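Working notes, structure below.
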Amino acid sequence: MADLKELAAALMRGDAPAVDKMTKEAVNAGIGVKQILDDGLIAGMQVVGERFKNNEIYVPEVLIAARAMYTGMKVLEPLLVKAGVKPVGTIAMGTARGDLHDIGKNLVSMMMRGNGFKVIDLGIDVSPQKFVEAAKEEGVNLIGMSALLTTTMPSMKATIDELQKAGLLKKVKVLIGGAPVTQRYAAEIGADGYAPDAASAVDKAKALLGM
Amino acid sequence: MNSKERVRVAVAHREPDRVPVFELSINSPVASDIMGRQMYVGFGGWLVAKVFSEWMAEGRVLELALKIFSDWIDLYSHLELDILPMPTLPLTNETVEPVAENQWKYTDPDSGLWRVIGYNPESDYHSEIDSRIKQEGVPGLRHHVEWLEKRPGLVSADLMAGLKAVLDPARERFFILGEADVLFPSEASWQPLFLECMALEPELIDRYFEATTNEVLTLIDAEAEAGVDGFVGGVDFAYHSTTLFSPAMFRRFIFPHMRRITERCHSRGLPFFKHTDGNIENIENELLLGCGIDGYHAIEPTAGMDIARLKRQYGDKITLLGNIDCGDLLTNGSPEDVTKAVGQCIRDCAPGGGYVLSSSNSIHSGIPTQNFLAMLKAAREYGTYPMRNS
Ligand code: B12
């Protein structure tokens, strides 16, 4: 549909007022909310993720696209609830204990939201205990941990151990990332998945949930 | 040959007696371990968040600044480092009050701007966790920029005299680096807002960089008067995969001011070294050759910056500093691993001069002392000119 392509394009430009306006117009034109979400907002955010991954755009462009996306989401959210549209998954995200680097974690959160996930942001410097508490919450089926420091990586292992002890590893899948983290490290500490960037994080999350 | 000469010769791309050694910072836990007493140095959280805040609240700023300088000079002398950068100092007019355990609020009485600093004792980290600018968004940033444009200069006669005096004991011994840079706010709680404004409010960002660089130019003059031998800019522009913003934004916001800074340094006959973390390949040529910088520091190997390639490509034009990985190697490696890496780096980069050895960022609080000492020892072992296998 032509106007949803326009909506996706406005999102990619980071034009929040246009996204707000066009989302409302699409709703008023009687287009289904799920379709506006999928073919408008999610479609746009997927291109943003892809371009960022390929270094064609940079952090500022992703941030303004995400802001534009949120204005559209605000319009759609009540309608999605009414229509009974469920998030594709719920991820509780935080940076590993002791780690204050949150730009990467925030970008991953934005990309998750932009792909239909519900995100519970646990913030920075999150203790294993706090991750465990979040994993117990209803609906949460993914835990996302970000570490930018070699010295905070072990706390990701500690978290996985705690999740194991609490018997939660059947309920939630664990996804990890951050500059020094590797697939090998993920396998070593028993994380279910690793992704090198925000767009791949979404793909990985979907794969882990069997989508 | 003393340190000053050693560095001058290396920067002039000739071979001194040995490869000069430098660290941008050495955090307190490692420094205290080495010196056998509590050291007031580095940019770890204990000093920069807790001690700064508590001593400032007690009105003991001057005492603290003097203590930091004297510990800093003791440490760098003990380790026989060649370059002494300016230490992190509690230089602010803000008032400080505790707001929670390990959290302090800094308020600037003139502008009304405030920020909250938090400290994590377990990891020795600190950061700005909140601020008026972050809360208010674009209007907050606008208010900040207006304030920057009209506030009186930071440099007072007192400050100048003080700086001269504290540097005195170091002047003969070290090549001293002052601080100057294009002040992208990489540590501010409002950094994401700033990044968004680079895309949405470019005129406001132009004004921000114009105002902050104007202040930096006066600081360069003051530091030059106080007798520094060169400058380093410590603001990070990149992360592991690329720069934080696009080359087009660098051309608009950063490079013109970088040139103003290097020109001012050069007018004083002093070199300017640019530090940045991360991968800068997409702006490498423009930043390293087009902005008048004399050296590039950090050269983070885990971000894909290959110093041997940089040496071939730029080695005859600028000085390279750094590249000993502080993320994994110095943190988790063995002293033997460290020694090997230092040997390799020196073989690749030291022939002909133009190389200064240091870690790829700083000696942060997670680095075992023995690895840092192994790095320094290896620098001596392999770093003597003339090189055997060059
Ligand atoms: C900006 C920055 C800071 C800022 C952080 C501001 C903030 N709010 O985040 C400040 C100034 C506070 C800071 C402080 C420090 N830093 Co710092 N910092 C950086 C820098 C320059 C950029 C990081 C960044 O923002 N990247 C941008 C984002 C977009 O990338 P990203 O985080 O990697 O995220 C992407 C992927 O990794 C992935 N991803 C991220 N998280 C997740 C999670 C999941 C689940 C998944 C699937 C994917 C994923 O997707 C993201 C988007 O594509 C890096 C340099 C570097 N090479 O990375 C150093 C760096 C990370 N810092 C470093 C250090 C040493 C420190 C300090 C210890 C310095 C000191 N001596 O005090 C402190 C520690 C503070 C702390 N406790 O965390 C070192 C770490 C070395 C190591 N491996 O241990 C680095 C690598 C610099 C270096 N040259 O060595 N830093």
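The values are calculated or read from the model by the stated rules, or taken from the named source; none is laboratory data. Bear in mind the structure is a predicted one, so any value in this text is a computation, not a measurement. Glycine also receives a Cβ, built like all others from the backbone with ideal geometry; neighbour counts cover every protein chain displayed. Quick note on the areas: whole protein, heavy atoms, side chains included, nothing else; ligands and nucleic acids left out. Shrake-Rupley method; radii C 1.70, N 1.55, O 1.52, S 1.80 Å.
Worth pointing out:
- Single unsatisfied condition, residue B:329 versus (1) away from the ligand (no atom under 16 Å from the Cβ); (2) among the aliphatic types (A, V, I, L, M); (3) crowded, with 17+ Cβ neighbours inside 10 Å: (1)
- Identity of the residue in the range B:309-321, within 16 Å of residue B:353 (Cβ to Cβ) and of a type outside the set (Lys, Arg), that ends up farthest from the other protein chains (Cβ to nearest Cβ): B:316
- Qualifying residue in the range A:170-184 (condition: assigned to a helix (DSSP H, G or I) and more than 14 Å from chain B (Cβ to nearest Cβ)): yes
- Any hit, the range A:70-82, residues being within 14 Å of chain B (Cβ to nearest Cβ) and either out of contact with any Phe, Trp or Tyr (no Cβ under 7 Å at 6 or more places or on another chain) or touching a residue at least 12 places away in the same chain (Cβ under 8 Å) (or both): yes
- Scanning the range B:56-65 for any residue that is more than 22 Å from the chain's Cα centre (by Cα) and assigned to a strand (DSSP E or B) turns up nothing.
- Test: residue in the range A:20-42 that is within 16 Å of the ligand (Cβ to nearest atom), buried (at least 17 other Cβ atoms within 10 Å of the Cβ) and either away from chain B (no Cβ under 14 Å) or aliphatic (A, V, I, L, M) (or both): no
- Candidates A:62, A:19, A:88, filtered to the one that is touching a residue at least 60 places away in the same chain (Cβ under 8 Å) and in contact with a helix residue (DSSP H, G or I) (Cβ under 6 Å, 6 or more places away or on another chain): A:62
- Flag if residue B:149 is surrounded by fewer than 17 Cβ atoms within 10 Å (Cβ to Cβ) and closer than 30 Å to residue B:368 by Cα: no
- All conditions but one from (1) of a type outside the set (A, V, I, L, M, F, W, C); (2) away from the ligand (no atom under 16 Å from the Cβ); (3) within 14 Å of chain A (Cβ to nearest Cβ) apply to residue B:17; the one that does not is (3).
- Residues being within 14 Å of chain B (Cβ to nearest Cβ) and either surrounded by 18 or more Cβ atoms within 10 Å (Cβ to Cβ) or of a type in the set (A, V, I, L, M, F, W, C) (or both) - total across the range A:128-143: 1
- Test: residue in the range B:298-306 that is open to solvent by less than 50 Å² (accessible area, probe 1.4 Å), under 16 Å from residue B:13 (Cα atoms) and among the acidic types (Asp, Glu): no
- Criterion: assigned to a helix (DSSP H, G or I), farther than 21 Å from residue B:178 by Cα and without any contact (Cβ under 8 Å) to a residue 40 or more places away in the chain - qualifying residue of B:30, B:51: B:51
- Check on residue B:253, closer than 26 Å to residue A:57 by Cβ, within 14 Å of another protein chain (Cβ to nearest Cβ), more than 16 Å from the ligand (Cβ to nearest atom) and outside any loop (DSSP other than H, G, I, E, B): yes
- Filtered by the rule that a residue be under 20 Å from residue A:101 (Cα atoms) and either within 10 Å of another protein chain (Cβ to nearest Cβ) or touching a residue at least 60 places away in the same chain (Cβ under 8 Å) (or both), the range B:219-250 gives B:234, B:238, B:239, B:240, B:241, B:242, B:243, B:244, B:245.
- Any strands (runs of 3 or more DSSP E) falling wholly within the range B:111-215 and containing at least 3 residues that are under 30 Å from residue A:95 (Cα atoms) and within 16 Å of the ligand (Cβ to nearest atom): B:114-120, B:125-131
- Scan of the range B:368-390 for residues that are open to solvent by less than 10 Å² (accessible area, probe 1.4 Å) and either touching a Ser or Thr at 6+ places or on another chain (Cβ under 8 Å) or within 15 Å of the ligand (Cβ to nearest atom) (or both), ordered by number: B:371, B:372, B:375, B:378
- Pair list, Cβ < 8 Å and 6+ apart or interchain, from the range B:323-343 residues that are over 14 Å from residue A:149 (Cβ atoms) and within 14 Å of chain A (Cβ to nearest Cβ) to residues that are outside any helix (DSSP H, G or I) and of a type in the set (D, E, K, R): none
- When the range A:90-107 is limited to residues that are within 8 Å of the ligand (Cβ to nearest atom), modelled with pLDDT of 95 or more and within 14 Å of chain B (Cβ to nearest Cβ), the one that is nearest to residue A:36 (Cα to Cα) turns out to be A:105.
- Within the range B:347-367, tally of residues that are within 16 Å of the ligand (Cβ to nearest atom) and assigned to a loop (DSSP other than H, G, I, E, B): 8
- Each residue in the range A:108-124 was checked for being open to solvent by 10 Å² or more (accessible area, probe 1.4 Å) and either assigned to a helix (DSSP H, G or I) or over 27 Å from residue A:34 (Cα atoms) (or both), and 6 pass.
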